[in-house]
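What follows is a set of notes on a single structure, which appears directly below.
The values are calculated or read from the model by the stated rules, or taken from the named source; none is laboratory data. Note that this is a predicted model, so its numbers are computed, not measured. Cβ placement follows ideal geometry from the backbone for every residue including glycine, while neighbour counts extend to all protein chains displayed. All accessible areas refer to the heavy atoms of the entire protein, side chains included, with ligands and DNA or RNA removed. Shrake-Rupley method; radii C 1.70, N 1.55, O 1.52, S 1.80 Å.
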Amino acid sequence: MPKEDCKYWDKCYQRNEQHLQKYNHPENKKSPQKLDGPPKRRSSEMERATTPTQDKEQQAEKDKYETEELRKEALANISGKDYMAILQKRIKLSEQQEYDNLLKSHEFIRHKFLVEMPPDFYAFWKFLEQLKPNLKGVEILEYLEKTFHLLAVGPFEFLAGRFNKAKLHEPGDYLRHWRFYYDPPEFQTVFVLKGTGVHYGYWRDDPHDKDSLLLARNDSTKSCEFEFVAANAFDCFLHFLEKDFKGSPFTAAAVASTKKSLQKFIETSEFQLEALEKVRRSRSLKVNCKTFHRGGIVVPYESKTELGYRPLLISDAELKKILDLFKAGGSSADDPNDDVKNAVMEKLQPIATAASIAVDECDFGTALELGIDLFCSGYTQLHKLLSTLLVQAYSLLHRPQFIAILKAHLEQRSKGLNLSIFDLDK
């Protein structure tokens, strides 16, 4: 029995065996006007019918094409130009804008020097502005230098506007600005006797301290020892005039007039000055131990549990005896001798290990004491060891600013006397 022709002719979509046996599928020479078969899908429906894998492949190909086009366009835009030079220029412009914004407020001091200044500092600057009303900004600094051989540096230079048009420097340069050889991270120079190692500055046991600060004096050409001389900038200035300034008959009148003006300013000002003995006595109650620089260290200490500090394995005298081996062996801070260094390190290692163990047991002050003592020795051979101790101590005491100051100082620790950041531009 002959098979019937399928009404869909050769356009039939069915492929099952029974259907093929029952119907013929000859070629339809005349296109049917209308078929009842399944409707054709639109192109958009076909696109939606693709698998997730196909979608990802298509998108990846599209992204690749667009990225390549963008790259070609970018290369065409900078053709013949130094791309890195353009990038560096944009970075410098951004840094300059940030720098200019910082100059508009006291935030510059905290950002560049990592500390904040106490109220007496700003009060003293106000006094200097009134001392010679006809002088402004840097002119005030020049007057102090010319008349008293006194350099008011660091944050005073910011208030005077000396940083306003200065060249940008890397962060470490600001932290080394007027930082003398034996200055620990806790010390910040504000006054310098021109051409000497005599300098004065604020002492902070914690970088966040900005009230009731002591001011200390050191002569870097003589020793690492500091002396607390005042509890405010006014008394520090008077101490300088009386102890370090070498006057002459030509300057006697200026000194007398300045002292009188200073006293009048204090009396008419509502600002209350801290007394040296009161502040020093208050701090001495918190000092955990003396150190080679005589300033001592202050760390949180719990008397009941005795946590926070424990003494070193050896006394200061014994530690100095070990460090004296450098001299005995003919070694100096600038001329290291490996054999001598190894001998000293062999003796210091047990002490350093004990300090590290103390830190593990929450006695952070022990590592701080040893690190400061090694710093005060001045031997560059010990920089790696003291850095390890102090970074560990400062980190656990939450004093990261001191870590930054220490590292910047050790990178370029100088015994020179001209330590101004502005001389780097000459």
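Summary of values
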quantity: Above-threshold pairs, the threshold being 32 Å between Cα atoms, out of LYS165/LYS286; LYS167/LYS260; LYS104/LYS222; LYS136/LYS264; LYS259/LYS320; calculated: LYS165/LYS286; LYS167/LYS260; LYS104/LYS222; LYS259/LYS320
quantity: Ordering of 353-361, 117-125 by burial proxy (mean other Cβ atoms within 10 Å per residue, highest first); calculated: 117-125, 353-361
quantity: Column: log10 I(q)/I(0), Debye, Cα scatterers of segment 101-187, q = 0.24 Å⁻¹; calculated: -1.40
quantity: Spacing of the two label points (7 Å from each Cα toward its C-beta) at GLN263 and LYS194, in nm; calculated: 2.7 nm
quantity: Spin-label model distance (nm) - VAL255 vs LYS126, 7 Å beyond Cα toward Cβ; calculated: 2.9 nm
quantity: Theoretical gain in end-to-end length, LEU325 to ASP209 [0.36 nm per residue, Cα-Cα removed]; calculated: 38.0 nm
quantity: Cα→Cβ-extended label distance, 7 Å offset, between GLU227 and LYS146, nm; calculated: 3.1 nm
quantity: Relative contact order, percent, segment 157-300 [alpha-carbon distance under 8 Å, six or more residues apart]; calculated: 18 percent
quantity: Low-density loop cleavage sites - GluC sites (Glu not before Pro) in segment 269-328, where at most 13 other Cβ are within 10 Å (DSSP); calculated: GLU270, GLU306
quantity: Efficiency of FRET from Cβ geometry, LYS7 and LEU424, R₀ 56 Å, rounded to 0.05; calculated: 0.05
quantity: Stretchable slack from ASP339 to SER282, in nm (0.36 nm times residue separation minus alpha-carbon distance); calculated: 16.0 nm
quantity: Extended-chain gain in nm, criterion 0.36 nm per residue less alpha-carbon gap, LEU241 and CYS362; calculated: 39.1 nm
quantity: Accessible surface of LYS136 - all protein chains present, 1.4 Å probe, nearest 10 Å²; calculated: 140 Å²
quantity: Protection proxy ranking, peptides 142-155, 365-378, average beta carbon neighbours within 10 Å, highest first; calculated: 365-378, 142-155
